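Input: a single structure, listed below in structure tokens.
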Amino acid sequence: MFPSTTQETLIEDDSPMAHAGLLRSISALGTNDFNEFIANQYGGCWGTLKFEDTLSDYSNDARSFFYVDDNIDLHVLRQFMINEWQLQSANIVIPVLSGVTNNKPFKNQKMTETLRSGIKNAANASEVWFITNGIDAGVPQLIGTAFREEIALRRADDAWAIQMGRPPKKRKTLILIGIVCDDEIKDIIDLKTTKDKFKMEVKVPARKRDQLSLNSDHTHFIIIRETPIGLSSTNNPGRKSVLVDSGEKQLEKLTDSAESATNKFRDKFEDFLHQETLQQSTNDQPSIDILSTSPLISRKSNPWSEDGFPMVCTLVRGTPGTIELLYQKIQQEVPAVILKGTGSAADIIAFAYEEISAKNDKEYEDSYLKVELSRRLLDEYPALKDNNVKRNEIRDHIIAIVKKADQGKRKFLTFVDVNSTTASLNDFHKFILSALLQSQKTVTGNKVNVQLKRNLLLTLDWNLPDLALSEIFQRDDDMKHSIQADLFDKAVLGKKLEPFVDLFLDREFALHRYLKSDKLVALFNQAKDREFLTTTSLEGILGLSGDEDEMPKDFVEHGLNIIVKRLTGISHFFSKHEMDCNAMGIYFGDKTDKGVQRQRIRAEKKALRHLIIYAVLMNRPQLAKILWKRSSEPIPLALICCMMFKKLAPYCHESYQRLLIEKQAKEFSDCAVGVLDKAFNEDNMRTFEMLDEKHPDWNHMATVELAYNAENKEFMAHAACQKWVTRQFYGEITPRELSWGLFKCPDYLKIICSAILIFPMWFWINFSPIGQAPAPPQRKPPDTQDGKSISTQPEKSLDEGKKLSEFVGEGSVRRASVRERPSIFRRLRSSIRNPFKKKQKSELNLSIPKEKPMSHWEEIRVLWTAPITKFYTNFVAYIAFLSFFTLAVMWPTCGNLLLDCFVWFWTASIAFENTRVAYEKYCSQSSLPLQRAVLEVIVQTIFLSLYLSVRIIGLWNFGTCQVLTAKAILGIGLIYYYYRILFIFLPISPKLGPMMIRLRCMIMDDFFTFLQLFVIFMISSGVAITAVLYPHYPLGIDLFTKAFVFRGLMALFSSEMSDLKNQHQPCSINATSQTETEYACLRLSHGLSFKYDNLHAYNKYGISSPRCNQTSWIAWFLLIQYFFLAKRFLTSLLTAMFGLTGARVQSQSEQIWMYNRYEIVMEYAKRPRLPPPFVVISYIG
């Protein structure tokens, strides 16, 4: 503690140097010494207020208060609020200006509800301090009600979280400070304290009628003592209480007066909070930070900023004193939000602002505005009638406030019409922040980034990207804004802050310099909601427990790459070394300026992709879409996002979340299709190049292959993709159309004949890609010919070539209609009518030098290399194979050995080719399906083994005479190879392909459902009918075959009922005595063994054979109900289900067929030129 002499010396000396010394001395005090210093120096005491509730109980939450002299040093007050109240720094301070005089409740309940909602939105969005007069009336009461509702809601939510075993949410601290003078509440609160006790608990009784009291919903109270009792009062022994004259007392209550102790202290305290820098003693003396050496709170842990807090005051209603307070705020350049429509001072100021904004003229102001303002003031405040000086002063204050409102780019007044349909008080926080941003002055130097960061933090907290754009970035277009990494972190990690990411990237935020590998891991670790990542990626794909709080450091290389590989098939998507080098600005490759620029652009593209993958894995579709829109590769990235969402969906345990993920996959699929459609309409050639481009970052996969991997049927069914697939199918050839009068040769016949006979290709095949027919070669035309230029003639032929190329490229697999050439007679007629045209055209063609033609061997090679040629030659060869196979099966008895060997060799070549194709798919990690190919190889291998061992070797070498077995094996094999046509050749047909898909859907969906129902009826009815019809039939395989197969299954296809109509042998038990009847079951069996095979006993009872049938009406009843359910009901139901499924999948079957068509084309593109069994020649070659 200070020695008394030193203390008295510092207090008596009011010089700046002595004041600075006092602050240094305070900073050295401990907690107890500091508390005792406040109590002695400023008469301070503090503690809690306990408010009485409606049940005369004081069990409500206590509110902190601080009772002190009004001349307390504000730095000391600041340190007390930090130490005792643990108040953190405020992002914005909102003083509320309102009056208590003539206070009336708000009549518009909707307005009060929306205002309370807006206040809660502001309090939840950021660290906000509301400062009021603390009285339980008017606007302070309304704000307190909003805080009470919010606290109750938070408590209920926290209680539920604790009950469910979850930690409560972290929320913004609610701060509502009331500043009041002790004289105003002395009638109901006893604040007397003893000299040795400065911490206490005070009970506040319920407010009585016409009595001011404190609002119990305020979180903190500062109660000032107008007459100081502390030692600091010796500094000003002549100080007297400020009294308001009688005229002003009649005008308004002392509480509302601008000269009251409460309002003077509030103005001083709010100005202290608002100042930009700490107070300075002198110009030569540097500013003193009392916390710089304090043992209580170090500079590092100081929760308050050394700069002032942003401040926006709010005016609701108001009194003449409120107008004076607002005038002082405007002079201090504190912006204000005025709620127009609440009445009193707020409406008068709004009226003055509208009038001056409409007509700012001195004569108009003197002749009309001042007179009208005086009249309105008298109407609102009748007590001003006898005080002209005060009335004119208030009127002049209003005019000064309004004129100060707009100063160039700065605006200090914001009006919100509470009765307007466009301005909602739910957006109260938006009006507050807008007023703050519009009032700020332009700064320079280092303060630019400080102000930018503080403003962006406010807009981020309150999620107002439109204000950030209009009031921060667009306010000064010439200024280049620098976005800091922590702001981008907040935008990426925050909930519903995705528009800020887009906003920051628009400001040229270097994403690759930000997203190093450690930063990406930190984004995963700091994510607020990691449940989706844990469930799908960590537990589902990686097989981890998901209990780890943080990702391992090598998560990028060994975790993310595995996840991306599993979801997309792309390996090594992330490179930790490359990410870190790009973040440091180290680029590999060309070191020239252009080369570095290209590497920088490439690094930015990769960083964007990495962040998109992060957004997908964290289930942040909005963030992924915003980043996707900025990509220069929209189609591949949209397909990758679609693929990832689609493959993540099965890992979701909840059905609603799975549906939501599938919906997000569909949205990205629509994005890819939309971009493709727009690109195809604008530039189809560039679109084809894009579809065929193999990007090294996608494992050298083309865009079409990415779409196939994503199982994006809608994308694959697009006209551009189908046109691309058609071009791939036709390869480097185009069937040429030649008209033969009434007959037209189909394309498949042209290709087959050309491939086998060779010579037809010279008039049926054009050796150029479909849709890309070569234009006639250019020649240098002579300058003039007969005085006229002929340069337009080649252009005419070029146009015809373009039209031809566009015409040839339409359709898929020649499905589109081909433009027919004129018939022979029409061409003869046109040639007779216009002979000079033909002559002119021939002369022109002769004058054009011809390019070197393709040799015959090259033409043959190109023809046999085309996938369509391979397809049709394989089809012809397969038909020939089936013909020989059919002959081998039909050959009597043991067959023909040479024919069997030939068929076996052909079958083996087919199996070997399928094995080679499956192995290449596996080695190349192709996206084409592998399971069906492997299964087919297994089946064919088994058949070849049985064919060789039973038919060829078994019959001809060992003479096993198993002719029936060999025939059965060949018959089953023949059925398999015939059915195989349905899956390998027919799907290419535009008619049969969709039909096969519909048939598959009917079988998989409807027929299996039918079988499930039919099996129930078949087993139950078959067993029941057989048991009744054959009561003594021996138990064995024959009985179950008769029940399940003949009586159950075959009853659907035959109506054999002779055993129900006629009884061929006696089957009833005929007992001659009562004893035989009682012991019939024991005698028919072998005692207790229950084996009913005692034929002598059956004969004794009149049954010649246990296999006899017994007719009865119950057997007919069982058969009728079975026929009705199985033949009538189930078959009709199956037919109806087939019809519904066919109609439902009609449109989908087209898309699925187009999707599967890519698989067929790509498979034949990789096959050898020759079909089995000639494929051996291709292997040798």
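The phi torsions of the stretch 67-80, fed into the Karplus equation with coefficients 6.51, -1.76 and 1.60 and a -60° offset, translate into couplings of 9, 8, 5, 6, 9, 5, 5, 5, 5, 5, 4, 4, 5, 5 Hz, rounded to whole numbers, with Gly and Pro shown as x. Amide H contacts of residue 92: 129, each under 5 Å away and 5 or more positions distant or on a separate chain (H built 1.01 Å from N in the peptide plane; Pro and chain starts excluded).
Roll a 1.4 angstrom probe over the protein heavy atoms and tell me the percent of accessible area of the stretch 319-440 that is carbon or sulfur.
Values: 2270 of 5080 Å².
Carbon with sulfur: 45 percent of the solvent-accessible area.
Between residue 989 and residue 358, the distance separating the two model label sites (each 7 Å from Cα on the Cα→Cβ line) works out to 8.2 nm. Between the stretch 133-175 and the stretch 894-951, the C-alpha centres lie 74 angstrom from each other. When the trypsin sites (Lys or Arg not before Pro) in the stretch 308-413 are filtered for DSSP coil states and for at most 12 other beta-carbon atoms within 10 Å of their beta-carbon, the remaining sites are 359, 409. If R0 is taken as 41 Å, the Cβ-Cβ distance between residue 1105 and residue 748 corresponds to a FRET efficiency of 0.05. Net charge within 15 Å of residue 437 by Cβ-Cβ distance, Lys/Arg positive one each and Asp/Glu negative one each, not counting residue 437 itself? Combined, the nearby Lys, Arg, Asp and Glu give +1. Were the residues from residue 953 through residue 1133 laid out at 0.36 nm apart, the gain over their Cα-Cα distance would be 59.8 nm.
What pairs from 340/409; 268/453; 411/496; 490/528; 120/172; 170/490 go past 18 Å between their alpha carbons? Going by Cα-Cα distance, 340/409; 268/453; 411/496 fall outside the 18 Å limit. Amide H contacts under 5 Å for residue 47: 65, 200, restricted to partners 5 or more places along the chain or on a different chain, H placed in the peptide plane at 1.01 Å from N. Per residue, the stretch 866-986 exposes 51 Å² of accessible surface when a 1.4 Å probe is rolled over the protein heavy atoms with every protein chain present. For a paramagnetic label modelled on residue 187 (point 7 Å from Cα along Cα→Cβ), amide N atoms under 17 Å away belong, within the stretch 128-168, to 135-138. Each of the peptides 162-169, 524-531, 510-517 was scored by the mean count of other Cβ atoms within 10 Å over its residues; in descending order, highest first, they stand as 510-517, 524-531, 162-169. The calculated FRET efficiency for the pair residue 417 and residue 156, based on their C-beta separation and a Förster distance of 51 Å, comes to about 0.90. Within the accessible area of the stretch 474-673, the carbon and sulfur atoms contribute 50%, probe 1.4 Å, all protein chains present.
Figure the gain on full extension for residue 1068 and residue 932 (residue separation times 0.36 nm, minus the Cα-Cα span) and round it to one decimal in nm. Walk me through the intermediate numbers first.
Working: separation 136, 0.36 × 136 = 48.96 nm, distance 5.71 nm.
My answer for the length gained is 43.2 nm.
Of the trypsin sites (Lys or Arg not before Pro) found in the stretch 570-627, those that fall in a DSSP loop while having at most 12 other beta-carbon atoms within 10 Å are 591. With each label modelled as a point 7 angstrom along the Cα→C-beta vector, the residue 974-residue 600 pair spans 7.5 nm. Backbone amide hydrogens, once placed in the peptide plane, bring residue 415 within less than 5 Å of 338, excluding anything fewer than 5 places away on its chain.
Give me the number: length gained by fully extending residue 379 to residue 199, i.e. 0.36 nm times residue separation minus the C-alpha to C-alpha distance, one decimal in nm.
Working: separation 180, 0.36 × 180 = 64.80 nm, distance 4.80 nm.
Result for the pair: 60.0 nm of gain on full extension.
Taking K and R as +1 and D and E as -1, what net charge do the other residues with C-beta under 13 Å from the C-beta of residue 583 add up to? Walk me through the numbers before you get to the answer.
Numbers: positive: 513, 516, 519, 576, 600, 606; negative: 518, 578, 580, 604.
So the environment of residue 583 carries a net charge of +2.
Each label was represented as a point 7 Å from its Cα along the Cα-to-Cβ direction; for residue 268 and residue 622 these points are 4.7 nm apart.
The distance from the alpha carbon centre of the stretch 484-507 to that of the stretch 526-582 is 22 Å, rounded to a whole number.
Using a probe of 1.4 Å on the protein chains alone, the accessible area found for residue 1084 is around 10 Å². The local environment of residue 894, defined by Cβ-Cβ distances under 11 Å, has a net charge of +1 under the rule Lys, Arg +1 and Asp, Glu -1.
Roll a 1.4 Å probe over the protein chains and send me the accessible area per residue for the stretch 319-440 in Å². Please list the in-between numbers first.
Working: 5080 Å² over 122 residues.
Per residue, the stretch 319-440 has 42 Å² of solvent-accessible surface.
May I ask you to derive the FRET efficiency for residue 61 and residue 544 from their Cβ-Cβ distance with R0 = 41 Å, giving the value to the nearest 0.05? Write out the running numbers ahead of the final one.
Values: r = 44 Å, r/R0 = 1.08.
After rounding to 0.05, the efficiency reads 0.40.
Each peptide in 75-83, 1046-1054, 699-707 gets a packing score, the mean of other Cβ atoms within 10 Å over its residues, and the list from highest to lowest is 699-707, 75-83, 1046-1054.
The values are calculated or read from the model by the stated rules, or taken from the named source; none is laboratory data. Since we're looking at a predicted model, the values are computed, not measured. Every residue, glycine among them, receives a Cβ derived from its backbone with ideal geometry; neighbour counts consider all protein chains shown. The area values use the complete protein model at the heavy-atom level, side chains included, leaving out ligands, DNA and RNA. Shrake-Rupley method; radii C 1.70, N 1.55, O 1.52, S 1.80 Å.
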